[in-house]
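Some notes on the structure that comes next.
Please treat every number below as a calculation from the coordinates, not as lab data. Model, not experiment: these values are computed from the prediction. Note that we place each Cβ from the backbone using ideal geometry, even for glycine, and neighbour counts take in every protein chain shown.
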Amino acid sequence: MPNINRYYISSLSAYLIWGFIPISLKFLSDYPSGAIMYFRVIFSLIILLIISFLVQKERLRGTLRKLWNLSPTQRSKTIILIFLSGIALATHWLSYIYVINNISVQIVAFAYLICPIITAFLGFLVLKEPLEFQHRIAILLSSISCFILGSGSWENAGLVLIIAVSSSCFLILQSCLRKYDKMSLLTFYLMIAFIITAPLFSTLVSPEIQILNMEFISMILIISILFTILPLLLNTYALKGMTAGAVGILSYLNPFINFIVAFLIYQENSTWLQILAYAFIFISIILYNWRFSN
């Protein structure tokens, strides 16, 4: 099998796995979203630390060595970027879990549809990346779709933006840290997320609900291994042999599966305003990716 097929299958598998994560989260809908996020951080961190010290010790050392060899100014800047990445990741996970278990799966799918376009806009603002004419139109249509969704429920629109913007900020920060090993960086992010959330334990984890039982622990382990670490490894491998644009196209598989899960498994319904918003975002996606389809 040619190498490009292996990379393609790895990326495809990663987004297929991520697409079905709402099902695992729904099993924990009786538990607080903060508790799910908190223990997902802890379990994922423990697993990554085990992998780092047993399998990727040299990569972790190499990343720390790179940080140490930077000038004091560059080292401080990099540490700030890593810290902000940890905050963005924790914010994204918490908002994502809350919306899945308390509102609807299709709202999350919508957020992931606009995420690449918001990322392009933030790249233009922060990294001064150029925007072609069709990208500007796509951003405008995405803004209209969010406004339409907000006219039905401003709470839903706000949550969509929190999920999409936190994910986009995380991706933008990663582009600034691209020369460092992704697995080592994720370990650092989870450490930061844990440090931030640890003082909020009593707020995130309701004392009235029994958390540490086999059902909860088993599902958190599945989420941490199957829906966090495994797709990350697959996608990291895929990026070695695929362009970022090709991987970006495959990323639309995630919200597409989310919509299937929402409508077929959980029998969610859409209002006519939501359908109109989806239509606008669908057109914007076509415009945004036009150069890849030519």
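Annotations
- On full extension, the segment bounded by THR73 and SER218 gains 47.8 nm, given 0.36 nm per residue less the C-alpha separation.
- For the chain, the fraction of alpha-carbon pairs in successive 10 Å shells from zero, as %: 6, 26, 36, 25, 7, 1
- Note on SER153 and LEU127: with the Förster distance fixed at 41 Å, the Cβ-Cβ geometry gives a FRET efficiency of about 0.80.
- In this simple spin-label approximation, CYS176 and ASP30 carry label points 7 Å from Cα along the Cα→Cβ vector, and these lie 4.3 nm apart.
- Taking LEU70, LEU186, LEU45 in turn, the Gaussian network model of the chain (Cα-Cα springs below 10 Å) assigns the largest fluctuation to LEU70.
- With the charge dipole of the chain set up from +1 on Lys and Arg Cβ and -1 on Asp and Glu Cβ about the Cα centre, the Cα lying farthest toward the positive end among the listed residues ALA193, SER142, PRO22 is that of ALA193.
- Residues THR197, THR203 arranged by fewest to most Cβ contacts within 10 Å: THR203, THR197
- Only Cα pairs under 8 Å and 6+ residues apart enter the sum, and on that basis the relative contact order of the range 3-293 stands at 44 percent.
- Applying 1/(1 + (r/R0)^6) with R0 = 45 Å to the Cβ-Cβ distance of ASN269 and SER202 gives a FRET efficiency near 0.75.
- Highest-fluctuation residue, TYR15, TYR96, TYR266 considered, GNM on the chain with Cα pairs under 10 Å: TYR266
- Of ILE222, PRO130, SER85, farthest towards positive along the dipole that unit charges on Lys, Arg, Asp, Glu beta carbons give the chain: PRO130
- Positive dipole terminus of the range 3-293, leading residue within TYR7, ALA279, ILE103 (C-beta point charges): TYR7
- With neighbours defined as other Cβ atoms within 10 Å of a residue's Cβ, the residues PHE201, PHE263 order from fewest to most as PHE201, PHE263.
- Net length gained if the chain between MET191 and ARG65 were fully extended (0.36 nm per residue, minus Cα distance): 43.5 nm
- Size of electric dipole in the range 3-293: Cβ of Lys, Arg +1 and of Asp, Glu -1, about Cα centre, debye, nearest 20: 1300
- Site pair PHE282 and ILE144 shows an inter-label distance of 1.5 nm when each label is modelled 7 Å from Cα along Cα→Cβ.
- Evaluated over the range 3-293, the count of Lys pairs having alpha-carbon atoms less than 20 Å apart is 12 (only pairs 8 or more residues apart or interchain).
- Cα shape, the range 36-165, gyration tensor, a/c 1.5 rule: oblate
- Neighbour-count order for VAL261, VAL105, VAL126, fewest beta carbons within 10 angstrom listed first: VAL126, VAL261, VAL105
- Axial C-alpha extent at least 20 Å, average Kyte-Doolittle at least 0.5 - helices from the chain (DSSP): 33-54, 72-102, 105-126, 133-152, 154-176, 182-197, 272-288
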